[in-house]
Amino acid sequence: MLSNKKFLILAGGFGTRIADTIGHLPKVLAPVNDKPFLFYQMNNWVSQGIKDFTFLLHYKAELIIEFLENYKQHNNLEISYKFIIEEKPLGTGGAILQAVVSCNIESFVVINADTWIASGFKESFEAIKPTILATNVNNAARFGRVNIDSKNLVLSFDEKNGLETPGLINAGLFSLTRDILETVQRKHFSLELDVLEPLVKTQNLQAIISNTIFFDIGVPEDLNSFRDYILRTKLT
């Protein structure tokens, strides 16, 4: 059983870099074999014990809502959804702040919807301090790197440098509180630049290190890698 933190999903992206592959679909509905990417995400999240979902939407929100309503109906699950739709993009931080204020949420776990993380949710929901989930990958070139100390305190984030070498990266799963976002005092802002970076500077961001399976489907090569992974593992 997970804690009473709310689970927020950032799913408003346009999917510009994979548009040639998926057409005009929202990124989270990118076809993976014969099903949308979000189908596998939902199956994984539900299997982790998550039953309450708050989706932060913008681009073609109605398609995502339609998919989720069909998913719930066809799978006969006791799960609940909320949908917060941005009239105009507010940045990742601004979108989260709008959601937590409108839904009166104090503490939450938030994930990038285009990020597949097989495990690490329990630790994130149980975290007391502000945290990010970090994982080691064989090629950290596209993600930048996370530097931590012996107690897993985040010391810095390295910019993407194009070096195709292994490294510890930010996996895109965060445990945070509303008051941290409200210190930014703007409506449009970045989670990474305006929230995480200041937490690092004040030594207030912890890393949860996970050996999870990780994919970010934001570019065609990684979307295809995830498709291969689904075929290999026969996940349904």
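What to note about this one:
- Scope the stretch 83-116; condition closer than 14 Å to Leu191 by Cα, of a type outside the set (A, V, I, L, M, F, W, C) and open to solvent by 10 Å² or more (accessible area, probe 1.4 Å); matching residues: Pro89, Gly91, Thr92, Gln98, Asn112
- Test for Leu63: is it open to solvent by 10 Å² or more (accessible area, probe 1.4 Å), in a loop (DSSP other than H, G, I, E, B) and aliphatic (A, V, I, L, M): no
- Number of the exception - Asn204 against (1) open to solvent by 70 Å² or more (accessible area, probe 1.4 Å); (2) closer than 25 Å to Tyr71 by Cα: (2)
- Number of positions in the stretch 164-182 that are at pLDDT below 95 and loosely packed, with under 15 Cβ neighbours inside 10 Å: 3
- For Ala95, the conditions (1) assigned to a strand (DSSP E or B); (2) out of contact with any helix residue (DSSP H, G or I) (no Cβ under 8 Å at 6 or more places or on another chain) all hold with the exception of (1).
- Val195 being crowded, with 20+ Cβ neighbours inside 10 Å and either over 17 Å from the mean Cα position of the chain (by Cα) or free of Cβ contacts under 8 Å to residues at least 12 places away in the same chain (or both): no
- Taking the stretch 52-107 as the range and being in contact with a Phe, Trp or Tyr (Cβ under 6 Å, 6 or more places away or on another chain) and modelled with pLDDT under 90 as the test, only Tyr59 passes.
- Of all residue pairs spaced 6 or more apart or on separate chains, those with beta-carbon atoms under 7 Å, a first member in the stretch 124-144 that is open to solvent by 30 Å² or more (accessible area, probe 1.4 Å) and a second member that is of a type in the set (D, E, K, R) are Asn139/Glu164; Arg142/Lys160; Phe143/Lys160.
- Residues in the stretch 73-82 that are within 27 Å of Glu123 (Cβ to Cβ) and either open to solvent by 90 Å² or more (accessible area, probe 1.4 Å) or not in a loop (DSSP other than H, G, I, E, B) (or both): Asn75, Glu78, Ser80, Tyr81, Lys82.
The values are calculated or read from the model by the stated rules, or taken from the named source; none is laboratory data. In this text the structure is predicted, and so the values were computed from the model without any measurement. Note that we place each Cβ from the backbone using ideal geometry, even for glycine, and neighbour counts take in every protein chain shown. Protein only, heavy atoms only, side chains kept; ligands, DNA and RNA dropped before computing areas. Shrake-Rupley method; radii C 1.70, N 1.55, O 1.52, S 1.80 Å.
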